[in-house]
Amino acid sequence: MGELQADVLVVGGGLGGVAAALAAARRGRSVVLAEDGDWLGGQLTAQAVPPDEHPWIERSGCTRSYRLLRQGIRDHYRRWYPLTASARARAFLNPGAGYVSRLCHEPRASRAVIEGLLAPHTAAGLLRVLRRHRAVAVDGDGDRVRAVTLAAAGGGPQVTVVAAYVLDGTETGDLLALSGTEYRTGSEAQAVTGEPHAGARARPLNMQAVSLCFAVDHLEGQDHTVERPATYGFWRTYRPAGWPGPLLDWTAPDPRTLEPVARTLVPNLPGDPAAIAPG
């Protein structure tokens with residue numbers, strides 16, 4: 001088992017973990033950033049989810065680093081992709097022209113930009129990135145964490161990172177249970193937090209749902225229907241409580257008003273202002 005020393009250890013290479021590592025390295029601190037997957041960026045890259053932000057994001061309401069990331073993604077397309085003239089001229093280019101985000105794009109684009117933002121600090125020796133490393137043990141004394149042991153994927157050697165500051169940047173708080181830290185799940189009661197919109201009682205199981213993202217290729221005129229799975233009939237008609245119709249159809253509640261909304265999927269819309277030029 002090897003050992004590394006650093007001022008800051010960040011476990012988890014999602015956007016939060018990357019931002020923390022970048023901030024520390026910019027201040028001249030030595031940083032180890034550990035990620036259990038191959039890609040840094042979390043939801044924006046490995047999970048294929050475009051950014052979901054407030055309507056004023058293009059003008060205000062974000063950090064300078066996040067602004068650089070957003071601009072870097074757009075510049076990546078302008079530099080490397082054969083954009084149409086109208087798309088290239090758009091100050092707030094939305095490469096995927098999606099409505100769920102003002103910056104729909106391919107995961108590999110944001111991955112490249114994130115790597116570029118970290119590259120100067122990696123080259124300077126301030127930042128070391130350990131990909132495919134997962135936290136398996138925590139060495140602590142009371143409320144202080146001294147070190148975290150990371151296991152390499154595929155049965156590789158373990159490494160213990162000793163750091164003055166340890167930050168949990170994982171998606172699900174992996175270090176909480178390992179370190180014995182007190183934590184809660186779900187939503188707390190109003191009496192605990194004083195939040196005006198909190199419920200009267202705690203709801204430990206009220207947590208974000210799991211999403212599975214995947215790319216779909218539209219092949220005009222082709223039929224790739226598979227045989228019906230054994231549970232097809234159940235899921236085809238399943239309707240959860242409070243849902244406006246079958247769970248797996250095109251009607252879903254508005255997240256704010258809960259009113260039923262008919263969704264659509266129309267591939268290859270004509271006249272897309274952010275379309276990539278053919279050829």
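With the checklist (1) modelled with pLDDT of 90 or more; (2) out of contact with any Leu (no Cβ under 6 Å at 6 or more places or on another chain); (3) surrounded by 10 or more Cβ atoms within 10 Å (Cβ to Cβ) in hand, flag the one item E171 doesn't pass.
So E171 meets the others, but not (1).
Can you work out which of the residues in region 28-55 that are small (G, A, S) and either under 22 Å from E3 (Cβ atoms) or not in a loop (DSSP other than H, G, I, E, B) (or both) is most open to solvent (accessible area, probe 1.4 Å)?
In the first step, residues of region 28-55 are kept if they are small (G, A, S); the result is 28, 30, 34, 37, 41-42, 46, 48.
Then drop every residue that is not either under 22 Å from E3 (Cβ atoms) or not in a loop (DSSP other than H, G, I, E, B) (or both), which leaves 30, 34, 41-42.
Numbers: S30: 35, A34: 2, G41: 0, G42: 10 Å².
Residue satisfying both the conditions and the ranking: S30.
Does region 100-117 include one or more residues that are of a type in the set (A, V, I, L, M, F, W, C) and touching a residue at least 60 places away in the same chain (Cβ under 8 Å)?
Yes, that holds for at least one residue.
Please work out which residue is nearest to G156 (Cα to Cα), limiting yourself to region 118-132 and to residues that are surrounded by 13 or more Cβ atoms within 10 Å (Cβ to Cβ) and of a type in the set (A, V, I, L, M).
Here the answer is L130.
From the residues in region 130-153 that are farther than 30 Å from F214 by Cα and part of a loop (DSSP other than H, G, I, E, B), which one is modelled with the lowest pLDDT?
For region 130-153, the residue satisfying everything is G142.
If I filter region 180-189 for residues that are in a loop (DSSP other than H, G, I, E, B), in contact (Cβ under 8 Å) with a residue 40 or more places away in the chain and of a type outside the set (K, R), do I get at least one hit?
Yes, some residue in region 180-189 is in a loop (DSSP other than H, G, I, E, B), in contact (Cβ under 8 Å) with a residue 40 or more places away in the chain and of a type outside the set (K, R).
What number of residues in region 75-93 are under 15 Å from R108 (Cβ atoms) and open to solvent by less than 20 Å² (accessible area, probe 1.4 Å)?
1
Hey, can you tell me all the residues within region 110-129 that are part of a helix (DSSP H, G or I), among the hydrophobic types (A, V, I, L, M, F, W, C) and touching a Gly at 6+ places or on another chain (Cβ under 8 Å)?
V113, I114, L117
Please go through region 94-109 and pick out each residue that is crowded, with 21+ Cβ neighbours inside 10 Å and either part of a loop (DSSP other than H, G, I, E, B) or polar (S, T, N, Q) (or both).
Result: P95, L103, H105.
Could you tell me whether region 176-188 includes any residue that is closer than 12 Å to L9 by Cβ and not polar (S, T, N, Q)?
no
Would you call E58 over 15 Å from the mean Cα position of the chain (by Cα), surrounded by fewer than 16 Cβ atoms within 10 Å (Cβ to Cβ) and among the acidic types (D, E)? Walk me through it before giving the result.
Working: over 15 Å from the mean Cα position of the chain (by Cα): yes; surrounded by fewer than 16 Cβ atoms within 10 Å (Cβ to Cβ): yes; among the acidic types (D, E): yes.
Here the answer is yes, as E58 does meet what is asked.
List every residue pair whose Cβ atoms sit under 7 Å apart, with the two residues 6 or more apart in sequence or on different chains, where the first one lies in region 26-42 and is over 15 Å from A164 (Cβ atoms) and the second, anywhere, is assigned to a loop (DSSP other than H, G, I, E, B) and open to solvent by 30 Å² or more (accessible area, probe 1.4 Å).
D36/R132; G37/A46; G37/R132; D38/R132; W39/A46; G42/E171
Within region 154-179, which residues are over 18 Å from A21 (Cα atoms) and part of a helix (DSSP H, G or I)?
Listed by number, the residues that qualify are G154, G155, L176, A177, L178, S179.
Is it the case that region 48-61 has a residue that's modelled with pLDDT under 95 and under 21 Å from R131 (Cβ atoms)?
Yes.
Restricting the first residue to region 253-269 and requiring it to be in a loop (DSSP other than H, G, I, E, B), which pairs with a second residue that is at pLDDT below 90 and exposed (fewer than 10 other Cβ atoms within 10 Å of the Cβ) meet a Cβ separation below 9 Å and a spacing of at least six or different chains?
L258/G242; L265/V216; P267/V216; P267/H218; P267/E220; N268/H218; N268/E220
Can you tell me which condition P244 does not meet? The list is (1) free of Cβ contacts under 8 Å to residues at least 40 places away in the same chain; (2) open to solvent by 60 Å² or more (accessible area, probe 1.4 Å); (3) part of a loop (DSSP other than H, G, I, E, B), and all the others hold.
(2)
Considering only residues that are open to solvent by 20 Å² or more (accessible area, probe 1.4 Å) and either within 24 Å of the chain's Cα centre (by Cα) or small (G, A, S) (or both), which ones fall in region 139-148?
Listed by number, the residues that qualify are G140, G142.
Does P204 qualify as being loosely packed, with under 13 Cβ neighbours inside 10 Å, in contact with a His (Cβ under 7 Å, 6 or more places away or on another chain) and touching a residue at least 12 places away in the same chain (Cβ under 8 Å)?
No: the conditions fail for P204.
The values are calculated or read from the model by the stated rules, or taken from the named source; none is laboratory data. Since the structure is predicted, the reported quantities are computational estimates derived from the model, not experimental observations. In this analysis, Cβ positions are derived from the backbone assuming ideal geometry, glycine residues included, and neighbour counts consider all displayed protein chains. The area values use the complete protein model at the heavy-atom level, side chains included, leaving out ligands, DNA and RNA. Shrake-Rupley method; radii C 1.70, N 1.55, O 1.52, S 1.80 Å.
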